[in-house]
Amino acid sequence: MSSSNQTIAVRSGIESDQQFGAVTPPLYLSSNYTFADLEQPRQYDYSRSGNPTRDTLADTLAQLEAGCGGVITSSGMSAIYLVTHLCDKDDVIIAPHDCYGGTYRLLNSLAERGRFKVEFVDQGCDESIQQALQGKPKLIWIETPSNPLLRVVDIQNICELAGQDIIKVVDNTFLSPVLQQPLTLGADIVVHSTTKYINGHSDVVGGAVIAKEQALFEQLAWWANCIGVTGSPFDSFITSRGLRTLSVRMRQHQENTQKVIEYLQQQPLVKNIYYPGLESHPSHQIAKKQQLGFGAMLSFELEIKGANLRTFVNSLSLFSLAESLGGVESLICHPATMTHAAMDPAARLKAGISNSLLRLSVGIEDADDLVRDLDSAFQRCQIKVLQGEQHG
């Protein structure tokens, strides 16, 4: 009998304890395991190579993403770093020109050291992708929706353009397997920062790499053990606990986001809103086709500058000024000086990240409270604008 993703996530590891019959799975903290006899290792021998608690999380995420196997890593960045080990020094990686700042920094820095070659292209443009594909890349990195401008690219189309010989990797962090399943759209690998929605409580840093086919999974598992990026058992245990509520959290996240969007649309100090759920969003139809929901991340640009932007951010009490995303609490971020500070100004400008751009990770607090908090901050800014006009 097949189960829904919600059921798979909730039942992760439940009733697996054969020794005492514990309902929830035990936490295996042991760093090593005895051999049954000389030259007879058991299923597990050393925790960097394999751990029951970590495997429970990996197996569940593989099921949720319709993959054959997964590797749990120590962070989202180590997940990305792991995938780069599929490439040799003369191989080319195609990546989005507007990818997450940490991804840009890692790929660019490793390319500068001769680990591989990287080309950043606008993946929303078929012509740009086809031109880049002429260089016979080994791997294409896809991030949709993008961070922080929520651009959406057609996963199935890009995978078809790339063909069978190129490894197609999708960062699915913003949506989670509840709202998007790239492996069913033609991707070979899915990457997550499990720090975000999968854990959902901003108390664990972790990552995951899920492969569609066994051969790729075995390569990834070998490299993860070799370079030592596998996640800790305790972090995996906490992440599995967070994963069990992923579906219900995502429903509330999205419901709150809709109310926040409706408010921002009426706010005169908001110049642009970036959210794929809006029919005016350039990629709305693509998002509607390949996603099961529009998520809880959005960005917007303000008509106000400098001191007034600072006033707006500092006037909020229910949106914490912090990096990261996907937790139950609401966050606000200034990408130019926070998440994308690693990009040089020219690269940020090319990616469309302005100094007036703010990114929201909408949490699961009461939606009316969130709207009132935003409204209070905008009112303070409007007062400052009026005062400035009077003094001008």
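The values are calculated or read from the model by the stated rules, or taken from the named source; none is laboratory data. Since the model is a prediction, treat every value here as computed from it, not as a measurement. Using ideal geometry, Cβ is built from the backbone for each residue, glycine included, and neighbour counts are taken over all protein chains shown.
Quick grid of which residues meet (1) farther than 26 Å from LEU183 by Cβ; (2) assigned by TED's automatic domain parsing to the domain that holds SER361; (3) free of Cβ contacts under 8 Å to residues at least 60 places away in the same chain:
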{"residue": "PHE234", "(1), (2), (3)": "yes, no, no"}
{"residue": "LEU264", "(1), (2), (3)": "yes, yes, no"}
{"residue": "VAL270", "(1), (2), (3)": "yes, yes, yes"}
{"residue": "MET297", "(1), (2), (3)": "no, yes, no"}
{"residue": "PHE312", "(1), (2), (3)": "yes, yes, no"}
{"residue": "PHE319", "(1), (2), (3)": "yes, yes, yes"}
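Could you please find all residues in the stretch 332-346 being part of a helix (DSSP H, G or I) and surrounded by 18 or more Cβ atoms within 10 Å (Cβ to Cβ)? Matches in the stretch 332-346: PRO335, ALA336.
Every test in (1) of a type in the set (A, V, I, L, M); (2) in contact (Cβ under 8 Å) with a residue 60 or more places away in the chain; (3) surrounded by fewer than 19 Cβ atoms within 10 Å (Cβ to Cβ) is passed by LEU61 save one, and that test is (3).
Condition check: part of a loop (DSSP other than H, G, I, E, B), of a type outside the set (S, T, N, Q) and under 23 Å from the mean Cα position of the chain (by Cα). Does GLU329 satisfy that? It would help to see each step written out before you state the result.
Values: part of a loop (DSSP other than H, G, I, E, B): yes; of a type outside the set (S, T, N, Q): yes; under 23 Å from the mean Cα position of the chain (by Cα): yes.
Taking the combined requirement at face value, the residue satisfies it.
Suppose we filter GLN63, GLN6, GLN43 for residues that are outside any loop (DSSP other than H, G, I, E, B), out of contact with any strand residue (DSSP E or B) (no Cβ under 6 Å at 6 or more places or on another chain) and at pLDDT 95 or above; which single one remains?
The conditions single out GLN63.
Residues in the stretch 335-365 that are modelled with pLDDT of 95 or more, touching a helix residue (DSSP H, G or I) at 6+ places or on another chain (Cβ under 8 Å) and of a type outside the set (A, V, I, L, M) were compared, and the one that is farthest from PRO96 (Cα to Cα) is GLU365.
Is there a residue in the stretch 183-196 that is over 12 Å from the mean Cα position of the chain (by Cα), surrounded by fewer than 22 Cβ atoms within 10 Å (Cβ to Cβ) and either assigned to a loop (DSSP other than H, G, I, E, B) or not assigned by TED's automatic domain parsing to the domain that holds ALA58 (or both)? Break it down stepwise before answering.
Just the residues of the stretch 183-196 that are over 12 Å from the mean Cα position of the chain (by Cα), to begin with: 183-189.
Applying the additional criterion that residues be surrounded by fewer than 22 Cβ atoms within 10 Å (Cβ to Cβ) yields 184-186.
Next, from what is left, pick out any that are either assigned to a loop (DSSP other than H, G, I, E, B) or not assigned by TED's automatic domain parsing to the domain that holds ALA58 (or both): 186.
Within the stretch 183-196, one or more residues are over 12 Å from the mean Cα position of the chain (by Cα), surrounded by fewer than 22 Cβ atoms within 10 Å (Cβ to Cβ) and either assigned to a loop (DSSP other than H, G, I, E, B) or not assigned by TED's automatic domain parsing to the domain that holds ALA58 (or both).
If you take the residues of the stretch 287-316 that are charged (D, E, K, R) and assigned to a helix (DSSP H, G or I), which of them is nearest to LEU185 (Cα to Cα)? For the stretch 287-316, the residue satisfying everything is LYS289.
Among all residues of the stretch 62-76, there is at least one that is in contact with a Lys or Arg (Cβ under 7 Å, 6 or more places away or on another chain) and either in the same structural domain as ILE286 (by TED's automatic domain parsing) or within 28 Å of SER361 (Cα to Cα) (or both).
Every test in (1) of a type in the set (S, T, N, Q); (2) touching a residue at least 24 places away in the same chain (Cβ under 8 Å); (3) farther than 30 Å from MET250 by Cβ is passed by GLN19 save one, and that test is (2). Checking each residue in the stretch 9-40 for being assigned to a loop (DSSP other than H, G, I, E, B), more than 32 Å from the chain's Cα centre (by Cα) and not β-branched (Val, Ile, Thr) picks out GLN18, GLN19, PHE20, GLY21, ALA22, TYR33, PHE35, ALA36, LEU38, GLU39.
The listed residues are LEU278, LEU298, LEU246, LEU318, and the only one of them that is in contact with a strand residue (DSSP E or B) (Cβ under 7 Å, 6 or more places away or on another chain), surrounded by 15 or more Cβ atoms within 10 Å (Cβ to Cβ) and not charged (D, E, K, R) turns out to be LEU298. Scanning the stretch 223-273 for residues that are part of a helix (DSSP H, G or I) and of a type in the set (A, V, I, L, M) yields ALA224, ILE227, ILE238, LEU243, LEU246, VAL248, MET250, VAL260, ILE261, LEU264.
Total residues in the stretch 122-148 satisfying the condition of being closer than 14 Å to LYS350 by Cβ and surrounded by fewer than 19 Cβ atoms within 10 Å (Cβ to Cβ): the figure is 3.
Checking the stated criteria, LEU106 turns out not to satisfy the condition of being modelled with pLDDT under 95, of a type in the set (A, V, I, L, M, F, W, C) and surrounded by fewer than 24 Cβ atoms within 10 Å (Cβ to Cβ).
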